[in-house]
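K.L.:
Sharing a structure here in structure tokens format.
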């Protein structure tokens, strides 16, 4: 039986090096098969060992005997099984669990570290330098400078054992199958024949920081707020904002959904970073009601023009928002009137004519860096645009900032209002007084922003 489950001994490595240098014109694959059969190793194990020997430069210098002491003081052994990986390193380069994982390109989405042992000891090597002479890509000779001294070399010994995440991999596969099935059975919406406008506008509907599920008590904060009140307010402001479209030719609607759409991220009623929140009801009920509300908003928008939905994560609900975005993507899979961008990037961009709109919650990156980030992340869209803005959530109040790059080109940053009511913490810290509102923006393809509208609860 092939010896595929044991670590390589130093004598085996020396024998492998010796035989490999004398293999002649035999291909690596043939050599691995023959050598493995002879010494009880699988062909895959031999190929893996040869690859690691190349990375440590034990192989690649023909006709020159490798210094034996190098093999003795620095070794790297890795064994792959169906459900395990064993790594043992004595090296100056590999000093930690992370170094070993990076060195062998181990995917932690599929493998779990079950054992890690790290130690240090001293190795020795000769104090010598070798100058190789290369002709036509091959080493022909070399000059060796040897002081005759032995140098002490600090070595790190890393032992690592990983096991395959069998159940998690199966769960991910099952979820992928489930989502594919969900897309197949997504509701079929009729294809609408929208009126085509030669110079139609983009209508951007922004309702950031709804904090759906938040619980506020009038006697404590000055406002009542729960899931029912939130639903009523959202439907009112959406109706108000969409009513303004009757006066304009609308070609598309942009609906950024997210930006702390939900108030909490987990069943423990905490944010992504674990901050406790005052929540109205059970997390399952909040999620279902929130998803249904988002569908109602998108359907209302799509009755006017095709809708592009961009899912923007927040600092309260990053994970939950991704799940809802995936649900929306499945729900509208058969709807040619709606597109959903649920990619995991925290910053997204939308180009309409000459207008470039950046969207982000604004909680992780310093706002003064955003004008510089935009041309770096989307240079092609930047080149096609003349009007550029960032639309941000997070601070629940209106704030406009312009960062001039030169006399003729600037980027405007808008912090958008929120319709949510203050909770006890917000009230107690004095973060009150902002106008509660949702906003919309009307964009002409070549003319930039031509109108802005506001709707209040």
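K.L.:
Just to be sure, is residue 351 crowded, with 20+ Cβ neighbours inside 10 Å, free of Cβ contacts under 8 Å to residues at least 60 places away in the same chain and closer than 17 Å to residue 379 by Cβ?
P.N.:
Details: crowded, with 20+ Cβ neighbours inside 10 Å: no; free of Cβ contacts under 8 Å to residues at least 60 places away in the same chain: yes; closer than 17 Å to residue 379 by Cβ: yes.
When the stated conditions are applied, residue 351 does not pass them.
K.L.:
Mind listing just one residue for me: the one in the range 267-301 that is free of Cβ contacts under 8 Å to residues at least 24 places away in the same chain and part of a loop (DSSP other than H, G, I, E, B) and, of those, surrounded by the fewest Cβ atoms within 10 Å (Cβ to Cβ)?
P.N.:
The extreme case among them is 274.
K.L.:
Would you confirm, using the coordinates I've provided, whether residue 379 is farther than 22 Å from residue 441 by Cβ and assigned by TED's automatic domain parsing to the domain that holds residue 315? Give the steps one after another, and end with the answer.
P.N.:
Numbers: farther than 22 Å from residue 441 by Cβ: yes; assigned by TED's automatic domain parsing to the domain that holds residue 315: yes.
Yes: the conditions hold for residue 379.
K.L.:
A follow-up question, please. Of the conditions (1) part of a helix (DSSP H, G or I); (2) under 13 Å from residue 297 (Cα atoms), residue 244 clears all except one; give me its number.
P.N.:
(2)
K.L.:
Moving on to the next point. Report the residue count in the range 198-214 for those that are farther than 14 Å from residue 233 by Cβ and crowded, with 20+ Cβ neighbours inside 10 Å. Spell out the reasoning first.
P.N.:
Within the range 198-214, the first condition is being farther than 14 Å from residue 233 by Cβ, and the residues that meet it are 198-206.
Filter again for crowded, with 20+ Cβ neighbours inside 10 Å, leaving 201-206.
Number of matching residues: 6.
K.L.:
While we're on this one: Out of the range 309-325, which residues are part of a helix (DSSP H, G or I) and either in contact with a strand residue (DSSP E or B) (Cβ under 6 Å, 6 or more places away or on another chain) or under 15 Å from residue 294 (Cα atoms) (or both)?
P.N.:
Taking the range 309-325 and keeping what is part of a helix (DSSP H, G or I), we get 318-325.
Once the filter is applied, which keeps residues that are part of a helix (DSSP H, G or I) and either in contact with a strand residue (DSSP E or B) (Cβ under 6 Å, 6 or more places away or on another chain) or under 15 Å from residue 294 (Cα atoms) (or both), the range 309-325 yields 320, 321, 322, 323, 324, 325.
K.L.:
Can you pull out the residues in the range 21-33 that are under 44 Å from the mean Cα position of the chain (by Cα) and either in a helix (DSSP H, G or I) or not assigned by TED's automatic domain parsing to the domain that holds residue 48 (or both)? Walk me through how you get there before you give the answer.
P.N.:
Let us first name the residues in the range 21-33 that are under 44 Å from the mean Cα position of the chain (by Cα), namely 27-33.
If the condition is that a residue be under 44 Å from the mean Cα position of the chain (by Cα) and either in a helix (DSSP H, G or I) or not assigned by TED's automatic domain parsing to the domain that holds residue 48 (or both), then 28, 29, 30, 31, 32, 33 are the ones that fit.
K.L.:
Could you identify the single residue in 160, 151, 202, 179 that is at pLDDT below 70 and touching a strand residue (DSSP E or B) at 6+ places or on another chain (Cβ under 6 Å)?
P.N.:
Working: 160 fails: at pLDDT below 70; 202 fails: at pLDDT below 70; 179 fails: touching a strand residue (DSSP E or B) at 6+ places or on another chain (Cβ under 6 Å).
Exactly one residue qualifies, and that residue is 151.
K.L.:
Oh, and also: So, in the range 411-452, exactly how many residues are crowded, with 16+ Cβ neighbours inside 10 Å and without any contact (Cβ under 8 Å) to a residue 24 or more places away in the chain?
P.N.:
The total comes to 1.
K.L.:
Does the range 362-373 hold any residues that are under 17 Å from residue 261 (Cα atoms) and in contact with a helix residue (DSSP H, G or I) (Cβ under 9 Å, 6 or more places away or on another chain), and which are they?
P.N.:
Answer for the range 362-373, where residues must be under 17 Å from residue 261 (Cα atoms) and in contact with a helix residue (DSSP H, G or I) (Cβ under 9 Å, 6 or more places away or on another chain): just 362.
K.L.:
Before we move on, is residue 329 part of a helix (DSSP H, G or I) and modelled with pLDDT of 90 or more? Let's see the steps before the verdict.
P.N.:
Details: part of a helix (DSSP H, G or I): yes; modelled with pLDDT of 90 or more: yes.
Yes; evaluated as a whole, the condition is true for this residue.
K.L.:
Report whether or not residue 62 is farther than 28 Å from residue 160 by Cα and modelled with pLDDT under 80. Lay out the reasoning, then the answer.
P.N.:
On the way: farther than 28 Å from residue 160 by Cα: yes; modelled with pLDDT under 80: yes.
For residue 62, the condition - farther than 28 Å from residue 160 by Cα and modelled with pLDDT under 80 - is met.
K.L.:
So is residue 260 at pLDDT 90 or above and either in a loop (DSSP other than H, G, I, E, B) or within 15 Å of residue 212 (Cβ to Cβ) (or both) or not?
P.N.:
Values: at pLDDT 90 or above: yes; either in a loop (DSSP other than H, G, I, E, B) or within 15 Å of residue 212 (Cβ to Cβ) (or both): yes.
Yes; evaluated as a whole, the condition is true for this residue.
The values are calculated or read from the model by the stated rules, or taken from the named source; none is laboratory data. Since the model is a prediction, treat every value here as computed from it, not as a measurement. As a convention, Cβ positions derive from the backbone with ideal geometry for all residues, glycine included, and neighbour counts pool all protein chains shown.
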